[in-house]
Number of protein chains: 2
Amino acid sequence: MNPSGLDKEIILNAAEEAIRRFGPSKTNITDIAKILKVSHAAIYRHYENKAVLLEAVTERWLSRVSRPLEPIMKENNDPEAKLRCYLKTLCQNKRSSVIEDPEMFENFAILTQNSKEALSTHVEQLFAQLEEIIRKGMETGVFETDDPREMAVTVFTATSRFHYPAFAKEWENPNIESLVNSVIDLILNGVKKRN
Amino acid sequence: MNPSGLDKEIILNAAEEAIRRFGPSKTNITDIAKILKVSHAAIYRHYENKAVLLEAVTERWLSRVSRPLEPIMKENNDPEAKLRCYLKTLCQNKRSSVIEDPEMFENFAILTQNSKEALSTHVEQLFAQLEEIIRKGMETGVFETDDPREMAVTVFTATSRFHYPAFAKEWENPNIESLVNSVIDLILNGVKKRN
């Protein structure tokens, strides 16, 4: 392709294709340049090295995980329903991405382990959203906690089984959906204000 | 050694030594026989093949994990304190076993993945103990749930982050102790009866 038509999006798509073929550790800039029929230099104009490019691939994947959560944050429903919906979507979304494309899921899981910064930015965003929902619930008198930030982290931790890639194998369990619901019920019961 | 002095305990100790040296997949009966200075046949008299022997090694490890939980089950304290203490001990015990001997922990984690039966017997035992504590709490009116067995599984699942070997790396986090406490507080809040 004409290097002047090259943009970050096109490079990331080609990087994903290369990762699918060769795996994250064996993929290099040459493979991506070959797929796009451009020189190395054309790629380096957008990403200074392989590490930076892989970090960008990881960020894009993580943003695909968090995108479906954004409309939930904007909905004007009650905090209890919102927290339930948020946690269900987070767990379901990870599960469907492994079912749809298990090999790529594994590649992304490896990339995420190597991109600590992209991962911590992503997780911080999830914590902030959970904290926002919990604070709303405290304002409307349905939730009760001394520390909404700590509660956000706690709620996220209690659902780890359903959104950490290390558990992906367990998501094939046919009872997983009902287990997700039971854990969310327990969490909601735990955060709800006692009269 | 004289093969007549050989017993299962001695063989399991030697098997652990061989696993430490060669890893679970490369360990074979010859290595264990060499450590004990006995013939293969002497080992086969106690364990019919490598798979059966590794299963026994796994069972012994899992029983080391569950042994400290037994005195908690026998204590005569209130169900809330008992549930808290049970979950804390379960999480702490796994954490200290990885800190004390990280390489062997990893070996055991691999063995456990390959011994589905030993693992499911172990997990069933934990579920049964948790269910017993929850039932006691229902009898004394402190806990409330429609299905104590399901609640036992749910509580166990919500603490996965702290007892699944796949998470062992995260246990080095200096905040882990306080995170364990927050998740247990949330769980207890969730299972306690509302007035």
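Which residue, of B:ARG84, B:ARG64, B:ARG21, is of a type outside the set (Val, Ile, Thr), assigned by TED's automatic domain parsing to the domain that holds B:SER182 and either in contact with a Pro (Cβ under 6 Å, 6 or more places away or on another chain) or under 17 Å from B:LEU111 (Cβ atoms) (or both)?
Of the residues listed, the single one that is of a type outside the set (Val, Ile, Thr), assigned by TED's automatic domain parsing to the domain that holds B:SER182 and either in contact with a Pro (Cβ under 6 Å, 6 or more places away or on another chain) or under 17 Å from B:LEU111 (Cβ atoms) (or both) is B:ARG64.
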For the range B:71-95, which positions are touching a residue at least 24 places away in the same chain (Cβ under 8 Å) and farther than 23 Å from B:GLU144 by Cβ? B:CYS91, B:GLN92, B:ASN93, B:LYS94, B:ARG95
Per the filter on the range B:1-24, residues within 22 Å of B:ARG64 (Cα to Cα) and of a type in the set (Gly, Ala, Ser) are B:ALA14, B:ALA15, B:ALA18, B:GLY23
Those residues of the range A:66-76 which are more than 15 Å from A:ALA128 (Cβ to Cβ) and part of a helix (DSSP H, G or I) amount to A:ARG67, A:PRO68, A:PRO71
Counted residues, the range B:11-44 - those being touching a His at 6+ places or on another chain (Cβ under 6 Å) and of a type in the set (Asp, Glu): 0
Residues of the range B:155-169 being outside any helix (DSSP H, G or I) and without any contact (Cβ under 8 Å) to a residue 60 or more places away in the chain, in sequence order, are B:TYR164
Confirm whether B:ALA51 is under 25 Å from B:SER97 (Cα atoms), within 24 Å of the chain's Cα centre (by Cα) and surrounded by fewer than 18 Cβ atoms within 10 Å (Cβ to Cβ). yes
For the condition open to solvent by less than 10 Å² (accessible area, probe 1.4 Å), within 13 Å of chain B (Cβ to nearest Cβ) and modelled with pLDDT under 90, what is the one hit in A:PHE167, A:PHE162? A:PHE167
Quick check on the range A:106-118. Is at least one of its residues among the small types (Gly, Ala, Ser), open to solvent by less than 30 Å² (accessible area, probe 1.4 Å) and touching a Ser or Thr at 6+ places or on another chain (Cβ under 9 Å)? yes
Name the residues in the range B:9-36 that are open to solvent by 60 Å² or more (accessible area, probe 1.4 Å) and of a type in the set (S, T, N, Q), would you? B:ASN13, B:SER25, B:ASN28
Taking B:ALA128 as the residue in question, decide whether it is away from chain A (no Cβ under 14 Å) and open to solvent by 40 Å² or more (accessible area, probe 1.4 Å). yes
Of the conditions (1) β-branched (Val, Ile, Thr); (2) more than 8 Å from every other protein chain (Cβ to nearest Cβ); (3) under 20 Å from A:MET73 (Cα atoms), the single one that A:ILE176 does not satisfy is (3)
Where residues in the range B:182-194 are open to solvent by 10 Å² or more (accessible area, probe 1.4 Å) and in contact (Cβ under 8 Å) with a residue 24 or more places away in the chain, which of them is farthest from the other protein chains (Cβ to nearest Cβ)? B:LYS193
Residue check: is B:GLU117 more than 14 Å from chain A (Cβ to nearest Cβ), under 24 Å from A:PRO165 (Cα atoms) and in a helix (DSSP H, G or I)? yes
Quick check, is A:ASP146 part of a helix (DSSP H, G or I) and either of a type outside the set (Gly, Ala, Ser) or surrounded by 20 or more Cβ atoms within 10 Å (Cβ to Cβ) (or both)? no
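Applying the selection to the range A:58-90, what residues are of a type in the set (Lys, Arg), open to solvent by 70 Å² or more (accessible area, probe 1.4 Å) and more than 13 Å from the chain's Cα centre (by Cα)?
Scanning the range A:58-90 gives A:LYS74, A:ARG84.
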Here the residues within the range B:75-88 that are out of contact with any Cys (no Cβ under 9 Å at 6 or more places or on another chain) and modelled with pLDDT under 95 are B:ASN76, B:ASP78
Looking at the range B:37-48, which of its residues are open to solvent by 70 Å² or more (accessible area, probe 1.4 Å) and either small (Gly, Ala, Ser) or touching a Pro at 6+ places or on another chain (Cβ under 9 Å) (or both)? B:ARG45
Across the range B:91-105, the tally of residues that are surrounded by fewer than 16 Cβ atoms within 10 Å (Cβ to Cβ) and either β-branched (Val, Ile, Thr) or assigned to a helix (DSSP H, G or I) (or both) stands at 6
Which numbered condition in (1) in contact with a helix residue (DSSP H, G or I) (Cβ under 7 Å, 6 or more places away or on another chain); (2) within 14 Å of another protein chain (Cβ to nearest Cβ); (3) over 30 Å from B:LEU12 (Cα atoms) is the only one that B:LYS136 fails? (2)
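The values are calculated or read from the model by the stated rules, or taken from the named source; none is laboratory data. From a predicted model like this one, the values you see are computed outputs, not experimental measurements. Cβ: placed from backbone, ideal geometry, glycine included. Neighbour counts: every protein chain shown. Heads up: the accessible areas ignore ligands, DNA and RNA and are worked out on the full protein's heavy atoms, side chains in. Shrake-Rupley method; radii C 1.70, N 1.55, O 1.52, S 1.80 Å.
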